[in-house]
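Worksheet: the structure to be examined is printed underneath.
Nothing in this text is a laboratory measurement; each read-out follows from the coordinates by a stated rule. Being a predicted model, the structure only gives us computed values, none of them experimental. Cβ atoms come from the backbone with ideal geometry, glycine included; neighbour counts cover every protein chain shown.
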Amino acid sequence: MLQRELKINFKNFVIWLSILIGIFLIVYCIYPMIIQGDNIKEIDNLMKLFPQEVLMAFNMDITSLNSVFGWIKSEGFIFALLIIASYAGIMGSNILLKEENDKTIEYLISLPVTRRKIVISKIVCGWLYLIFMVLVFATFNYIGLSLSGTFDIKEFILLSITPFFSSLVIFSFCMFLSTFTNKTKKMIGISLGVVFVSYMLQVLSTLSNQVEFLKYISVFTLSDIRNVILNIEINPSLVIVSFLLTFLFSIMTIVRYDSKELV
């Protein structure tokens, strides 16, 4: 079952990974030209015109854009978080529903396997592809940064891991939500909504102390890039919360799918 799931979902994995790598490849190619001469001074002066809260939202108050690694620590990993999270959300919302839409669920339930085994194989498939996404993307960035200049390897490794935590929870949550409907297009919209609403809550939480509580209902708080940049460490409590939420939503998905009426 797992081998079947990996094969079926391989194409989408390649497409999303190509989009992610393509964006960063463009940056690696053009960024050295952008920071030539006095350009970087002009960029730093431009950054001073933005409110402190806006700079904090993109980590530009604690890192400079004077290198590719500086860009990655600010805007770069924001893009990476959103793209990987969107991939996780769509995969989670679609990995079960597509069997019903394609009518292949009739074939699966005719096999000597339980619904529980079907769901577990899809959960493991999603986890593996998220791990592959993070590892391949990190390897690509390591090569790109090695060719572009010096960078802190420990900081880079920790930053590269951070997208996994939020995307894992999003995948599991969207997969659980998908057990309440039979419409794939509807779930794709919901999954993308979950990603971008969660990101907006994270951004809003940085704008004022009065709305700082919003970060506690944003899944992107689990990928605490800012803490990694400042302290060169990952908060272990956030890792524990990530895995607990993932486990909880996975169990709920298995239980719910056991009682779902399939069409």
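Once you charge only the Cβ atoms, +1 for Lys and Arg and -1 for Asp and Glu, what is the size of the charge dipole of the chain about its Cα centre, to the nearest 20 debye?
With Lys and Arg at +1 and Asp and Glu at -1, about 1020 debye.
At 0.36 nm per residue, minus the direct Cα-Cα distance, what do L49 and V124 gain on full extension? Give it in nm, one decimal, please.
22.3 nm
Please work out the FRET efficiency for the pair R116 and N235, using the Cβ-Cβ distance as r and a Förster radius of 41 Å; give the result to the nearest 0.05.
Rounded to the nearest 0.05, the efficiency is 0.75.
Under the rule of -39500 (n - 2.57) per DSSP H run of 4 or more residues, summed and divided by the residues of the chain, what mean residue ellipticity at 222 nm is obtained, to the nearest 500 deg cm²/dmol?
Mean residue ellipticity at 222 nm (helix-derived): -24000 deg cm²/dmol.
Could you put M187, M175, M56 in order, starting from the residue whose Cβ has the fewest other Cβ atoms within 10 Å?
Starting with the residue having the fewest Cβ neighbours, the order is M56, M187, M175.
May I ask you to compute the full-extension gain from T139 to M200, defined as 0.36 nm times their residue separation minus their alpha-carbon distance, rounded to one decimal in nm?
19.1 nm
Can you find, among Y87, Y199, P236, the residue sitting farthest towards the positive end of the charge dipole of segment 2-259, where Lys and Arg contribute +1 and Asp and Glu -1 at Cβ?
Y87
Provide the gained length on full extension for the span I26 to F243, in nm with one decimal, where the gain is 0.36 nm per separating residue minus the Cα-Cα distance.
Net length gain for the segment: 74.7 nm.
On each of the three principal axes of the Cα atoms of the chain, give max minus min coordinate, whole Å, ordered largest first.
Answer, in whole Å and largest first: 67, 42, 31 Å.
How far apart, in nm, are two points set 7 Å out from the Cα along the Cα-to-Cβ line at D152 and at S208?
Inter-label distance under the simple model: 3.3 nm.
Let's see if you can work this out: charge +1 on each Lys and Arg Cβ, -1 on each Asp and Glu Cβ, no other charges. What is the dipole magnitude of segment 148-236 about its Cα centre, in debye to the nearest 20?
520
With a 10 Å radius around each residue's Cβ, average the other Cβ atoms per peptide and rank 150-163, 217-230, 75-88, highest first.
Peptide ranking by packing, descending: 75-88, 217-230, 150-163.
Just in segment 212-263: which GluC sites (Glu not before Pro) are loop by DSSP and have at most 11 other Cβ atoms within 10 Å?
E261
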